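Before anything else, here's the structure in question.
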Amino acid sequence: MSPFSNGLPGVMQDAGLILGLAVSLMIGSYIVRDSFLARLGQYVLVGAGLGYTVVLVWRNVLWPRLFAPLIADPMSWQSVSVTGLLNLWLPLLLGVLMWGGGLELLRRPPARPGGRSLLRLLAAVPAAILGGVVLGVAVSGAVQGTLWPQLSAAVATADGPGRADQPTWLIRFLTLIITGGVLIHLQLGPNAGAAGNGPSSPGSTSSEGPRAAGAGRPKLFRTVFLMLLRLWEGIGRRALWLAAGIIFARLVAARFSLTLSRLDYLLFEIPRSDLWQLVWASLRGGGP
Amino acid sequence: MATSDCPHCGYGNPISAQFCVQCGTIIAGQKPPSVSSGESANEPDARDDDQESAPPLNGEEGPEQQPSTASSDPDFSESRPQLAAAEDETDEDSDGQGAVRGPSQAGPLLRGIGGLLEPADPLSYIMSGSGANEPTVDRPIAPSAELAADEEERRDLRRLFSEELPTAVGAVPEIVASVAEPSQNGDGLQRRFWLEVILLLGMAGALLWWAPGPPGGAGPHALPGLQQAHRQVDTLQPNSLVLVNWAYDPATAGEMDLVAQPIVEHLLQRQAKLIVFSQLPGGPATARRVIARAEASLQRPSRTQITANLVIEGGYLPGGSASIPLLGVAPARALPVDPTWVDLRERFRIAELGEAGPALTVVIAARAEDVRRWLEQVQPLNGGTVIAATSAVVDPSVRPYLHSGQLAGLVSGWDGGGAYVRRLERARSVEEQARSLRHAGGLNWGVGILIVAVLLGNLAGLTERRTP
Amino acid sequence: MFSSRSGWLNRIVLLIVLLTAGGIVSARLGLSLAPTEATTTLYGWALLLGGFAIILGIANAVRFHLVRVQRGQREWLFSLLLLVVFALVVGAGITSPEGTTGLLSEWVFDAVLAPGQATLFALTGVFLISAAYHFLRVDRPGGIWILAGALLMFLVQTPFLYQIVPQSLVDLVDWLLSWPVMAAMRGVLLGGALAVLFISLRLIVNSAK
């Protein structure tokens, strides 16, 4: 138990310790089989998680940012400023539409058109705004935060933070080759450079590809080009495999740390608690 | 009722099911081999009263899977394009002319520039790994032999999941047979429980008895990027505003606490003013606990350095990537406004963020997605310096950002946290040292057992290849 | 009149999505088609709507379990337990003036959420050994490269191996991480960003059609 719940009575501290241990053991029993206890632990965890999130969203987001200012001045709609309208009243309207429409969508569709049908339709408005914002930030973020900086870095002529004893031009060239190879692999797959898989219509296996690629081009040139493309893709693919191995090893380090932390909790933190010491002393026949 | 036998476990599923209700195998596109007598495929479901909200249970059809409902509801065909496409594919396959493209046959995302103008269905990428359901794309017609080969490959994969451990390396066949379950039930991974139990026992034993002695050398290896991260924090002026994006919760705290705590300690040591927020519900509470431990650790050797409460709780920010740019353009609006949490002095500090931006941003994340989100959505707006403290597995994925200069430093994993601790100018308590040694011992044994398992797996593979 | 969403409403929804997304993209890319205040307002709305959406999602989950209990469906007792725990936690949080920083909420966090979530994720570490046994094999496509990468990294990050490997091997792993692997992951990042762009464009074109 953390010091943040220290103000509670001692019995609650002990109960928290036992509950934590019980939930851990119940969920951990999944390793043997998906049993009644494992399910019980999972349902308790989900119930507590949902409840905690409701309280958090209400007390940390909706109440202080929206409802408290509105309740503090409930008549503000009569002389509302543009800022207040945009920052408080409109989000409230959109949120209520989302709640009303969302809850309505969970019910059976109405037999006749009416208010419920209208509510269902209006629920699309906040969803559309949210979807538009997500779409906008995804596109602009991808361009500003990844595409442009990473492309710039890939073709940058300035020295990177490489080791001083290695020829930086060679490393930069290798980096560029691998990055390009991975992109070719992601686009064309392992069949890049195979006959009928020309760059003009990479995914197509119809006869259009070879015809378009080979129409006005010497056969030798085309063969060499496809061979180089295949070689380049092969380099990218192997670099990806190597990266996958390294990522797996890092995944092992990450997940083993989680397992070890739990084992440490069970083997060291629990036995060190006052409650455990008391129980242990009683079992051994001595006093606390 | 028409049923379709699962190719994996043989369970008879409803014809419209996408997945086997018994083992989860994808069965969309399978030819229905059996139709129960006395039942029609278009038999109307009698449970209309219950279709309002009852979730489909095992062995019964959900409301959206009823053909009669589907045909009567105009919204149905729009909301279930994937199902309709899958049913189309089923028809094609039954004629022997269509081709279901499995993950191994995933095509490219776009076929040329012209693909930009083709209608997109992102669900098809999620469901099949390729644009298999696009009507306008010229799909390669796979020959039946290729389809059969693919199916054979999938069967091999299933067999591998259900196979027994190698008998060639000393396992007793009788024991293996006694714990074996029918090989067609598909939960081979669960039947490996004793391999997992060996791992658990090895780790637990290492924690209890086999912790290594105190390392005499340089300790864990510091991967590139750690030194830069340390320098960024070390050069902070007292009272600098530091924004901390706490992107992990108790689920990953077992690892992430080991990375986060030394950095928080260092920031407090430099008397930086931390503004901590999180986009995960469990984030703020996790942050409070780690910060409290960091403060407790610091108070022993350098109590005088801690002048006042240096932490402002920014709380929880929902909205994901759609709301986080607010921290780049108007941090004062994103961070809490409730006067009961944030006193006037602190609100002035938050307001400063909007004018000058943070001196440093620390993203403490268990997923690469959170680091990328910050670098895509906030850094382009405020141009601030960012360092990342991440889970070990995130390291390779965010390293390009370190190389491009978007990240000014990177600390990852247990080893990164351990290397960072050694750079802090403070003595570690006995308990801290003991815990760190236990962790190292457990990791040693865990990785050792894993390497042995990998060797056994490869031996088993070789044995299988030699056995006709 | 309101029975179908295929007509005018779809167009209005598409228009809202396009206007919102277009405004944000133009403001972020400096095209000055939309004032910065407009995008700031939209981000603020997204924050609040995110809160509303979470509550709605939780309401859906609670309703699902309520129906299960009402109808006595399979595992209804578990659902009842979930609802009881949910109600207790919400009650403890709402009645406390401090919300989630109140004593009872902190107690729930310490006693249930933290140990439960941590144990659930700790299981993934145990399951990794089965994955390693089955998939880290030299006879799989790329198996040698994957195994080589994994073993090299194990040598550097595992304490007892790190103490015995030569410094040159440690330098090699650092170099691999800093250059070839970084370059490969850069390709993945670029591929992902391009995919986001193209899928967004295709979604818009698809909807406009």
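The values are calculated or read from the model by the stated rules, or taken from the named source; none is laboratory data. Remember, it's a predicted structure, so these values are computed and weren't measured experimentally. Reconstructed Cβ throughout: ideal geometry from the backbone, glycine too, with neighbour counts over all protein chains shown.
Taking B:Val342 as meeting all but one of (1) modelled with pLDDT under 80; (2) surrounded by fewer than 16 Cβ atoms within 10 Å (Cβ to Cβ); (3) within 14 Å of chain C (Cβ to nearest Cβ), write down the number of the exception.
Unmet condition: (2).
Hey, another quick one. (1) touching a residue at least 60 places away in the same chain (Cβ under 8 Å); (2) within 9 Å of another protein chain (Cβ to nearest Cβ): which one isn't true of B:His403, the others all being true?
Every listed condition holds for B:His403 apart from (1).
Quick test for you: out of B:Gly409, B:Gly405, B:Gly416, pick the one residue that is within 15 Å of B:Val363 (Cβ to Cβ), surrounded by fewer than 24 Cβ atoms within 10 Å (Cβ to Cβ) and not acidic (Asp, Glu).
Step by step, each of B:Gly409, B:Gly405, B:Gly416 is checked, and only B:Gly409 is within 15 Å of B:Val363 (Cβ to Cβ), surrounded by fewer than 24 Cβ atoms within 10 Å (Cβ to Cβ) and not acidic (Asp, Glu).
Look through B:Leu455, B:Leu459, B:Leu437 and report the one residue that is surrounded by fewer than 22 Cβ atoms within 10 Å (Cβ to Cβ), within 13 Å of chain A (Cβ to nearest Cβ), at pLDDT 90 or above and in a helix (DSSP H, G or I). Don't jump to the end; show me each part of the working.
Details: B:Leu455 fails: within 13 Å of chain A (Cβ to nearest Cβ); B:Leu459 fails: within 13 Å of chain A (Cβ to nearest Cβ).
On inspection, the qualifying residue turns out to be B:Leu437.
Kindly provide the set of residues from region A:12-36 that are surrounded by fewer than 15 Cβ atoms within 10 Å (Cβ to Cβ) and under 27 Å from the mean Cα position of the chain (by Cα), ordered by number.
Across region A:12-36, the qualifying residue is only A:Asp34.
Can I ask one more? Starting from residues that are surrounded by 21 or more Cβ atoms within 10 Å (Cβ to Cβ) and more than 7 Å from chain A (Cβ to nearest Cβ), keep the ones in region C:118-131 and report whichever is farthest from A:Ile270 (Cα to Cα). Explain how you work it out, then say what you get.
Applying the first criterion (surrounded by 21 or more Cβ atoms within 10 Å (Cβ to Cβ)) to region C:118-131 yields C:118-122, C:125-126, C:128-130.
If we keep only those that are more than 7 Å from chain A (Cβ to nearest Cβ) as well, we get C:129-130.
Values: C:Ile129: 27, C:Ser130: 29 Å.
It comes out as C:Ser130.
Ok, one more. In region C:154-209, which residues are buried (at least 16 other Cβ atoms within 10 Å of the Cβ) and among the acidic types (Asp, Glu)?
Correct list: C:Asp174 only.
Table: residues versus (1) modelled with pLDDT of 90 or more; (2) within 24 Å of A:Glu269 (Cβ to Cβ); (3) over 27 Å from the mean Cα position of the chain (by Cα).
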| position | (1), (2), (3) |
| --- | --- |
| B:Leu189 | no, no, no |
| B:Ala229 | yes, no, no |
| B:Gln237 | yes, no, yes |
| B:Trp246 | yes, yes, no |
| B:Ala253 | yes, yes, no |
| B:Asp257 | yes, yes, no |
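Considering A:Leu267, A:Leu240, A:Leu275, which residue is under 23 Å from the mean Cα position of the chain (by Cα) and assigned to a helix (DSSP H, G or I)? Working first, answer last.
Details: A:Leu267 fails: under 23 Å from the mean Cα position of the chain (by Cα); A:Leu275 fails: under 23 Å from the mean Cα position of the chain (by Cα).
Only one candidate passes the filter, namely A:Leu240.
Follow-up question, since we're still on this one. Name the single residue that is nearest to the other protein chains (Cβ to nearest Cβ) among those in region C:166-198 being in a helix (DSSP H, G or I) and of a type in the set (Phe, Trp, Tyr).
Going through region C:166-198, the residues in a helix (DSSP H, G or I) turn out to be C:167-178, C:180-198.
Applying the additional criterion that residues be of a type in the set (Phe, Trp, Tyr) yields C:175, C:198.
Values: C:Trp175: 7, C:Phe198: 5 Å.
Applying the filter and picking the extreme gives C:Phe198.
If you don't mind, there's one more thing I want to ask. Those residues that are more than 9 Å from chain C (Cβ to nearest Cβ) and in contact (Cβ under 8 Å) with a residue 12 or more places away in the chain, I need them from region A:102-115; list them, please.
A:Glu104, A:Leu105
Kindly establish whether A:Ile31 is in contact with a Ser or Thr (Cβ under 6 Å, 6 or more places away or on another chain), facing another protein chain (nearest Cβ under 8 Å) and modelled with pLDDT of 80 or more.
In short, no.
Here is a further query. Return yes when B:Thr390 is surrounded by fewer than 24 Cβ atoms within 10 Å (Cβ to Cβ) and on the phi < 0 side of the Ramachandran plot and no when it is not.
Details: surrounded by fewer than 24 Cβ atoms within 10 Å (Cβ to Cβ): no; on the phi < 0 side of the Ramachandran plot: yes.
The answer is no for B:Thr390.
Another question, if that's okay. Among A:Leu40, A:Leu56, A:Leu25, which is the only one that is within 10 Å of chain C (Cβ to nearest Cβ) and more than 30 Å from B:Leu200 (Cα to Cα)?
Numbers: A:Leu40 fails: more than 30 Å from B:Leu200 (Cα to Cα); A:Leu25 fails: more than 30 Å from B:Leu200 (Cα to Cα).
Just a single option satisfies the conditions, and that option is A:Leu56.
Among the helices (runs of 4 or more DSSP H) lying completely within region A:52-125, list those that include at least 1 residues that are under 30 Å from the mean Cα position of the chain (by Cα) and of a type outside the set (D, E, K, R).
On the way: elements: A:68-72, A:90-105, A:115-122.
Because the criterion is at least 1 residues that are under 30 Å from the mean Cα position of the chain (by Cα) and of a type outside the set (D, E, K, R), the helices (runs of 4 or more DSSP H) in region A:52-125 that meet it are A:90-105, A:115-122.
On the given criteria, is C:Arg68 charged (D, E, K, R), farther than 30 Å from A:Gly245 by Cα and within 7 Å of another protein chain (Cβ to nearest Cβ)?
Values: charged (D, E, K, R): yes; farther than 30 Å from A:Gly245 by Cα: yes; within 7 Å of another protein chain (Cβ to nearest Cβ): no.
No, not satisfied.
Got a sec? Which of C:Phe2, C:Phe86, C:Phe78, C:Phe52 is facing another protein chain (nearest Cβ under 7 Å), under 27 Å from A:Arg116 (Cα atoms) and at pLDDT 90 or above? Talk me through it step by step, then tell me what you get.
Numbers: C:Phe2 fails: at pLDDT 90 or above; C:Phe86 fails: under 27 Å from A:Arg116 (Cα atoms); C:Phe78 fails: under 27 Å from A:Arg116 (Cα atoms).
It is C:Phe52.
One line per residue, one yes/no per condition, for (1) part of a helix (DSSP H, G or I); (2) without any contact (Cβ under 8 Å) to a residue 60 or more places away in the chain; (3) of a type in the set (D, E, K, R):
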{"position": "C:Ile12", "(1), (2), (3)": "yes, yes, no"}
{"position": "C:Leu18", "(1), (2), (3)": "yes, no, no"}
{"position": "C:Gly30", "(1), (2), (3)": "no, yes, no"}
{"position": "C:Leu48", "(1), (2), (3)": "yes, yes, no"}
{"position": "C:Arg74", "(1), (2), (3)": "no, yes, yes"}
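Just give me the residues in region B:255-285 being over 28 Å from C:Gly51 (Cα atoms) and not aliphatic (A, V, I, L, M), in sequence order.
Listed by number, the residues that qualify are B:Glu255, B:Gln261, B:Pro262, B:Glu265, B:His266, B:Gln269, B:Arg270, B:Gln271.
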